[in-house]
Structure formats: C-alpha cells, structure tokens
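I have placed the structure first, in the form of structure tokens, so that the comments after it can refer back to it.
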Amino acid sequence: MSDFKRKLDQMMGDTSEQERRIKRRVHERLRTPTKKFSWQVLFVTAAIPVVALFLLFTIDPMNYLSSDKGPGVPYDPLDDLAQISALQKKKQLSAVDFEEFAALPHFDQVDGLYYVDKEQFSLKGSSDAYHTVIERKEELFDKVVYEAGDVVRTMTNTTSHLPTYTDAYYEVIAVPGDRVVLKNGKLRINGKPLQSELMDRYEKQGITIVGGYDQLLNAREYLLLNHFPASETVQGATITPVHKIYGQVVGVATEERTDSIYMDYLSGQLTGDYTPEQYFDLYLYDDVLGFGNLPETPLFAQLSRLGELFLEASYRKTTPISENEVEIRYQYGREGVAEQVFHMKWDASSERWVITE
C-alpha cells in the first residue's frame with residue numbers, strides 16, 4: 001500500500017469498495033448496449049406476407065390490366081366474323097335512330113374540314129332532306145383527336161380481324177393510351193368495367209360484344225363499337241387506326257338550306273363559284289365514297305392512300321402559281337414522311353378546276 005493510499009484511508013476510511021463501484025460503472029458505459037427483443041416488431045414483420053397473400057387471393061383477377069402468365073388460348077375471330085358479315089349483308093346489323101341527330105347543330109354552310117355524309121334521311125316534323133355533317137380532325141397523327149363517346153364514320157376496314165362498315169355509325173369506346181381487355185363478352189377499360197349509355201343499351205337489348213383483346217392502344221388506335229346496334233345481334237368491338245376513321249358526326253345539313261359544294265354535287269348542281277381546294281376535296285370525296293361521277297384522274301390511280309389524303313386536309317397548303325394554276329402541298333413536318341404536291345388548273349371548257357399531272 002502506498003503512502004498516499006494509507007494517508008487517504010486514515011483521513012476517509014477504507015475506499016476500496018467505492019473504487020470498485022466506480023470502475024464497474026465506467027466499464028458498463030464503455031460496453032455496446034444489447035438490443036432488447038421486441039415482440040411487436042416480430043408480429044408486424046410476420047404479418048406483411050400474410051396481408052399480401054390475402055390481397056392476392058381476394059382481388060378480382062379481371063382488375064389486372066394485363067396477364068403475365070404467358071401464352072394462353074388465342075381468340076379466333078372466324079365464327080364471329082361470319083355472323084357479323086351475314087348480318088351486314090342482310091342489313092340487320094344496325095338500327096339507326098336518325099331522330100337522335102335532330103338535337104345536333106344545323107350547318108348553313110359546310111366547307112373547310114367539314115363535309116356531308118352521302119346518306120339522306122328525314123326527321124319528324126320537317127319536309128327537308130337531311131345529311132349528317134362530318135368533321136375531319138386537325139393534326140390527326142400528332143394528337144388524340146377523338147374522345148370516348150364521340151360518334152364517328154368509318155371506312156370498310158377488313159385489315160382488323162373484325163371490320164367496321166361505311167353505313168354504320170360507330171362510337172369511340174377507348175382512346176390511345178387506354179388498356180383494353182375484352183374476353184368472353186366482358187369489356188374493361190383501364191381495369192374497370194365500361195359504364196355508359198351505350199353499354200346500358202347493349203345490355204337491355206341483349207346484344208353480345210365479340211372480340212378478344214388484352215392490349216394497350218397505341219398512339220393512333222381507337223376502340224369502336226356500333227352506336228346503333230340492332231337488338232339481339234352480335235357486334236364486334238374493333239381496334240381501328242385513326243386513318244380508317246373518316247371523321248366525327250358534329251351536326252346536320254339540309255339539301256334545301258345548306259350551302260356546300262358537297263350538297264351541290266349530290267344534287268347534280270355544281271354551278272357555284274368554288275375554290276381550287278374545294279374542287280380538290282370534291283375529287284377525293286367522289287373517289288373515297290365510290291361515286292365515280294367526276295372524270296377519272298390518272299394521278300389518283302397511282303396512289304394507294306386517297307382516303308388518307310382526304311382526312312389529312314389540315315396538313316396541306318394552297319399556294320397560287322398563276323391566275324389559272326395553284327399548288328396544293330401536303331406538309332407533315334415529320335422526318336421520314338415525304339411531302340406530296342398536286343397542281344390544279346382552270347379548265348375553260350368545263351369551267352372547273354381540275355387536277356393536272
């Protein structure tokens with residue numbers, strides 16, 4: 001024992017026990033504390049996979065946007081196509097209610113991107129001969145130009161496994177970017193059953209929707225259904241590219257009161273003062289709708305996309321070359337899409353603008 005320790009003990013008594021306690025506390029503080037076991041943490045951790053399995057088994061599989069189970073049984077359109085074609089040939093596919101169009105705006109003039117449908121109909125309380133007015137859309141390749149619920153006209157489309165027809169009015173059901181799932185007559189858009197007046201009509205009238213889809217509509221695709229289906233029929237839900245849709249029904253025009261080159265053409269009275277661009281559209285209209293009343297244009301015979309040229313009117317400009325000649329140029333503003341140029345000249349013998357080579 002040192003003199004210092006001895007003297008300290010003499011002054012304060014024996015301090016050995018106190019020193020041991022101090023050393024023990026210092027040692028305990030320097031040690032890493034041991035984590036306490038938590039039953040709550042164990043319970044929550046174990047519950048997570050149980051909840052996940054519960055959700056997996058209780059959610060309706062049809063709510064999933066698409067299947068990830070690999071290949072399945074593909075839809076075969078042949079039988080449905082045969083039924084639809086048979087109904088169409090017998091004129092039993094549609095039951096058009098023209099009175100629905102009575103509430104649409106009346107056009108006193110139809111020009112520009114508007115044209116009239118060739119089909120004539122009457123409305124109650126009027127002796128006029130009516131036609132629906134169809135609007136061609138601007139920049140149809142660059143925008144989503146139709147909305148769900150729009151009523152449209154189409155060309156005969158046999159490139160899809162279920163066709164559309166020129167004498168049927170169709171309704172837009174889904175637009176680019178929508179996920180369409182159609183199986184066994186059950187149609188879902190973006191994971192939800194489709195609810196609309198049209199669907200109510202289909203259900204009440206016992207109409208079956210056919211087709212087989214599980215896909216995301218691309219930037220230029222729309223899903224269409226017959227807007228005026230006949231009762232107890234089979235109707236095809238058709239994914240249709242935008243260039244097969246000839247425009248939206250936006251109004252009505254009358255042969256008695258509406259000023260339009262199309263009305264004059266249908267009545268055989270082309271006597272007005274029409275612009276070169278109006279005549280150019282009329283030549284396209286004559287060819288697209290299959291009338292064949294205007295003189296043949298050899299240049300058109302070399303083209304395979306006259307219908308698209310008619311729809312793409314917003315992409316073109318008319319430029320005067322001289323007093324008796326104008327240039328009509330389609331400019332798309334997209335790399336890889338070539339411009340198309342046409343020339344119109346005044347023909348003194350027929351007193352009309354004609355397309356030249």
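Structural remarks
- Checked against the criterion of being crowded, with 16+ Cβ neighbours inside 10 Å and either within 22 Å of the chain's Cα centre (by Cα) or at pLDDT below 95 (or both), the candidates Leu182, Leu282 yield just one match: Leu182.
- Qualifying residue in segment 331-339 (condition: open to solvent by 40 Å² or more (accessible area, probe 1.4 Å), in contact (Cβ under 8 Å) with a residue 24 or more places away in the chain and under 30 Å from the mean Cα position of the chain (by Cα)): yes
- Cβ-Cβ distances below 8 Å connect the following pairs, each with a first residue in segment 177-190 that is on the phi > 0 side of the Ramachandran plot, a second residue that is part of a strand (DSSP E or B), and a separation of six or more residues or different chains: Gly177/Leu216; Gly185/Thr208; Gly185/Ile209; Gly185/Val210; Asn190/Arg179.
- Only residues that are at pLDDT below 95 and in a loop (DSSP other than H, G, I, E, B) were counted across segment 148-167, and they come to 13.
- Qualifying residues in segment 145-169 (those that are without any contact (Cβ under 8 Å) to a residue 60 or more places away in the chain and either open to solvent by less than 10 Å² (accessible area, probe 1.4 Å) or under 11 Å from the mean Cα position of the chain (by Cα) (or both)) - the one farthest from Gln83 (Cα to Cα): Glu147
- Residue in segment 256-265 that is open to solvent by 30 Å² or more (accessible area, probe 1.4 Å), more than 21 Å from Arg136 (Cβ to Cβ), touching a Ser or Thr at 6+ places or on another chain (Cβ under 9 Å) and touching a residue at least 60 places away in the same chain (Cβ under 8 Å) present: yes
- Complete set of residues in segment 208-219 that are in a loop (DSSP other than H, G, I, E, B) and open to solvent by 20 Å² or more (accessible area, probe 1.4 Å): Gly212, Asn218, Ala219
- Residues within segment 185-203 that are assigned to a loop (DSSP other than H, G, I, E, B) and surrounded by fewer than 17 Cβ atoms within 10 Å (Cβ to Cβ), tallied: 5
- When segment 296-312 is filtered for residues that are touching a Phe, Trp or Tyr at 6+ places or on another chain (Cβ under 9 Å) and either in a helix (DSSP H, G or I) or open to solvent by 40 Å² or more (accessible area, probe 1.4 Å) (or both), the ones remaining, listed by number, are Leu299, Phe300, Leu306, Gly307, Leu309, Phe310, Leu311.
- Residue check, Gly292 in a loop (DSSP other than H, G, I, E, B) and either open to solvent by 40 Å² or more (accessible area, probe 1.4 Å) or on the phi > 0 side of the Ramachandran plot (or both): yes
- Across segment 97-120, the qualifying residues are those that are part of a loop (DSSP other than H, G, I, E, B) and more than 19 Å from Glu255 (Cβ to Cβ), and the one among them that is most open to solvent (accessible area, probe 1.4 Å) is Asp97.
- Residue in segment 212-234 that is more than 25 Å from Val73 (Cα to Cα) and without any contact (Cβ under 8 Å) to a residue 12 or more places away in the chain present: no
- Cross-chain or 6+ apart pairs with Cβ under 6 Å, segment 66-91 first and among the polar types (S, T, N, Q), then open to solvent by 60 Å² or more (accessible area, probe 1.4 Å) and at pLDDT 90 or above: Ser66/Asp214
- For segment 233-247, the condition of being on the phi > 0 side of the Ramachandran plot, assigned to a strand (DSSP E or B) and buried (at least 20 other Cβ atoms within 10 Å of the Cβ) holds for at least one residue.
The values are calculated or read from the model by the stated rules, or taken from the named source; none is laboratory data. Note that the structure is a prediction, hence the values are computed from the model and not measured. Backbone-built Cβ (ideal geometry, glycine too); neighbour counts: all protein chains shown. Only protein heavy atoms, including side chains, enter the accessible area calculation; ligands, DNA and RNA are left aside. Shrake-Rupley method; radii C 1.70, N 1.55, O 1.52, S 1.80 Å.
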